[in-house]
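Chemist: Got a structure for you, written out below as structure tokens; questions coming shortly.
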Amino acid sequence: MIRLENVSKTYNIGTNFEKNVLKEFNLSVKKNDFVSIVGPNGSGKTTLFNIICGSIDIDNGKIFLEDKEISKIKEFKRYKYIGRVHQNPSVGTCLNMTILENLALADNKMKHYNLTWGIDRKKIDEYKEKLKMLELGLEEHLNTKVQNLSGGQQQAISLIMATMNPIDILILDEHTAALDPKTAEIIMKLTDKIIKEQKITTLMITHNLKYAINYGNRLLVMKQGQIVLDRKGKEKNNTTYEELIDKFSCI
């Protein structure tokens, strides 16, 4: 599904601040995999996601989606295939627009605009059904501006928007980190439900080791731009919280 071959990325080349983040990095993710990625700050996790999404260019290597190389494809074009939910709930939404306007905007992603209305009134019932799945009562507040929602509600809207149209890859960039523990649990359960129902290949960065263990079918630990632990299936499920803590104490 997604494959990185010998990818390298160095920041501030030729300066005193030069930093090699990824060096000949390799990763292959199968269709329908849900991969949790953990590691200390500076281990290359966010750089990896930015490279996949096209937010930053790579120095060397190749990136493939299915069998198509996307290394040189611009970021906005990659979002035809990729959905991303950021750590900050406000990043994935337009705060000064209503819930309805945000959903319509996401629904029209990558479509050509003309002189027709941006909101298709015939789709309002469809939007309400998607919101009902969240079990947050937001389907009754379509005309509420997103800036008036809680952080958890905003993140739930971001999640719906990122997965509204068919995508190949869902990128979750510490999407529960800014939420309180109770709200984070709600968002994780919603995330898992959407991923399973839509069968979306997913990569998730998290600093919550329990989430890394309890969600998904594969667990990666990164250190200094390399994968130092890769567990799948039963082996991943048998990984303990204490074991990961010990692993972190060594990196």
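Please treat every number below as a calculation from the coordinates, not as lab data. Just so you know, these numbers come straight off a predicted model, no measurement behind them. Here the Cβ positions follow ideal geometry from the backbone for every residue, glycine too, while neighbour counts run over all protein chains shown.
Chemist: Percent relative contact order of segment 24-123, based on C-alpha pairs within less than 8 angstrom and at least six residues apart?
Modeler: 15 percent
Chemist: Modelled label-to-label distance, K132 and K196, 7 Å Cα→beta-carbon offset: nm?
Modeler: Modelled inter-label distance: 2.0 nm.
Chemist: Taking the Cβ-Cβ separation of E140 and M97 as r and a Förster radius of 22 Å, what is the calculated FRET efficiency to the nearest 0.05?
Modeler: The formula returns an efficiency of 0.80 here.
Chemist: Taking only the alpha-carbon positions of segment 147-251 and ignoring solvent, what does the Debye formula give for the base-10 log of I(q)/I(0) at q = 0.18, 0.22 Å⁻¹?
Modeler: So the normalised log intensities work out to -0.95, -1.27.
Chemist: Once label points are set 7 Å from the Cα along Cα→Cβ at both N108 and K30, what is their separation, rounded to one decimal in nm?
Modeler: Going by the 7 Å Cα→Cβ label model, 4.1 nm.
Chemist: Ranked highest first by average number of other Cβ atoms within 10 Å, how do 17-27, 215-225 line up?
Modeler: Ranking, from highest mean packing down: 215-225, 17-27.
Chemist: For the pair K210 and K182, what calculated FRET efficiency results from E = 1/(1 + (r/R0)^6), where r is the Cβ-Cβ distance and R0 = 22 Å, to the nearest 0.05?
Modeler: The value I calculate is 0.95.
Chemist: Would you mind giving the average projected area, over all directions, of the Cα convex hull of the chain in nm² with one decimal?
Modeler: 15.0 nm²
Chemist: Here's something else I'd like to know. Put +1 on the Cβ of every Lys and Arg and -1 on every Asp and Glu Cβ in segment 1-103; which of I56, S28, Y11 then has its Cα farthest towards the positive end of the dipole?
Modeler: It is S28.
Chemist: Computed FRET efficiency, Cβ-Cβ of Q147 and E235, R0 51 Å: what is it to the nearest 0.05?
Modeler: That pair, Q147 with E235, gives E of 0.70.
Chemist: Sorted by average packing, counted as other Cβ atoms within 10 angstrom per residue and highest first, what order do 230-242, 163-175 take?
Modeler: 163-175, 230-242
Chemist: Could you tell me how many cubic angstrom of Cα convex hull volume segment 7-113 has per residue?
Modeler: It is 164 Å³ per residue.
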